[in-house]
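Accompanying notes for the structure given below.
The numbers here are math on the coordinates, done by the rules we state, and not lab data. Bear in mind that the values here come from a model prediction, so they are computed numbers and not experimental data.
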């Protein structure tokens, strides 16, 4: 009986821990991949001056990793911008009169238009390093994601039902608790939808930047910086 119980315990341990081990391996792999991509983003800018993009299939995972890191970094910054900007515009009528028209103007500027006056600034933040050019690429992706997310969050905050507002007051929520327990959950459906649309816009910009690199390898200095930010082999 004791041997049978030990056998059952061993089988139960294997059943319970294999999924955990697989999840742990997945998490460790993701952390290592992010670390590898971040290390490449800090390389000297001279390493990004190879004659052409590698077309080898073995280079595709690295390119995909770099692109994914840029997209996720831009999405995190866009969410932070959405929470701060949308909240500021929704909580103050005077701020709304300035911030919402300004957001409308920013949304009307083409994504690639921002690069004409931001690339030099970001590259100057990290001279002779690829990190500045990476920041320029992340900022360009950010401009394709942030505006509609901020509009969605602002609209949700302005349309919170009165019963939810009364409930938050009845529970004596602080401003921080009200934000995370009432406002963010209420805004989440629309915010998730607009985040999906923003990611689509971000992927479109990534494709556009790759087309610029491939079609204009000897083009303007701005195009060369876009290429350097887009791929280490550009």
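When N is the residue count of region 91-174, what does its C-alpha Rg come to as a fraction of 2.2 N^0.38 Å?
Details: Rg = 18.6 Å, N = 84, 2.2 N^0.38 = 11.8 Å.
My calculation over the Cα atoms of region 91-174 gives 1.57.
Measuring from centroid to centroid over Cα atoms, what is the spacing of region 120-151 and region 79-95 in Å?
So the two Cα centres are separated by 22 Å.
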